1. With springs only between Cα atoms under 10 Å, which of Met163, Met177, Met206 fluctuates most in a Gaussian network model of the chain?
2. What does the charge dipole of the chain about its Cα centre add up to, to the nearest 20 debye, if the Cβ of each Lys and Arg holds +1 and the Cβ of each Asp and Glu holds -1?
3. For the chain, list the cysteines whose Cβ sits under 4.7 Å from no other cysteine Cβ?
4. On the Cα set of the chain, report Rg and Dmax in Å, please.
5. Packing-wise, with mean Cβ within 10 Å as the measure, how do 17-30, 42-55 rank, highest first?
6. Count charges around Pro3 for me, please; just the other residues with Cβ under 15 Å from its Cβ, Lys/Arg as +1, Asp/Glu as -1.
7. Picking from Ala63, Ala140, Ala162, which is most flexible by a Gaussian network model of the chain using Cα springs under 10 Å?
8. Residue by residue through region 32-41, which ³J(HN,Hα) values in whole Hz follow from phi under the Karplus form 6.51 cos²θ - 1.76 cosθ + 1.60 (θ = phi - 60°), with glycine and proline marked x?
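The values are calculated or read from the model by the stated rules, or taken from the named source; none is laboratory data. Since we're looking at a predicted model, the values are computed, not measured. Reconstructed Cβ throughout: ideal geometry from the backbone, glycine too, with neighbour counts over all protein chains shown. These area figures cover heavy atoms from the full protein model, side chains too; ligands, DNA and RNA do not enter into them. Shrake-Rupley method; radii C 1.70, N 1.55, O 1.52, S 1.80 Å.
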Amino acid sequence: MDPIYHVSELFLSLQGEGPSAGTPAHFVRLQGCGVGCHWCDTKYSWDSGGGRALAAECIWAEALALGTAPLLVVTGGEPLEHDALVPLLEQGLGRWSRVEVETSGNAPPPLSHPRLFYNVSPKLPSATPRWADTWRAAPAWAAEPNATFKIVVGDPPDPEDAMRLIAEHGLPAGRIMLMPEGLTDERVRAHAIELAELCRRTGLRMSPRLHLWLWGAKRGV
């Protein structure tokens, strides 16, 4: 029997974060996340039983009916909590030239492929009591060449915690992006200004949050 996926939403937009920011993309947002970040902007996707139950072929048909894009983004929720994620990614790779998975990194990479990329967002202690769970597989993610570490940074002590955890886990500097926390353009901008100085000092990149700048914190963007 073909696996069934609980899907929160399907939409066509621009990738707002990470190394592909600005790229037109189909988004498949899966339901279910047990990480529990207090600042999460997609809390509606936490319930693993929510959303619509769809087979993969239905997901692809609905997504492609929205238009064309070079990028597929599988996000959540937490995609790595889905047992049948690998066949979904394999099918996605057969339809898109680039596939990205957005994850907290709370499990090792489920699949490696030259056109499969991961935006890994391990959490800082201020974000959730389960923050340490998202760092346990850091060595495996560091060994995955197509993984970029996208770390959300807010008020102090977040900047100090980020730099400490990056050093403790030996994350490769060339694959790290610091991203400002916030659900409003004003808050994101304030954190971005602070992060810009940190990035200038350390040589790390900063990730934008284009979708918040363009449309605000709402679904389907």
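1. Met163
2. Working: 20 positive and 25 negative charges, 87 e Å.
In debye, rounded to 20, the chain gives about 420.
3. So, Cys33, Cys58, Cys199.
4. 16.5, 53
5. Numbers: 17-30: 20.1, 42-55: 15.2.
Ranking the peptides 17-30, 42-55 by packing returns 17-30, 42-55.
6. On the way: positive: Arg52; negative: Asp2, Glu57, Glu81, Asp83, Glu90.
My count for the surroundings of Pro3 gives -4.
7. Ala140
8. Ordered by residue, 3J(HN,Hα) equals x, 7, x, 6, x, 5, 5, 9, 4, 9 Hz.
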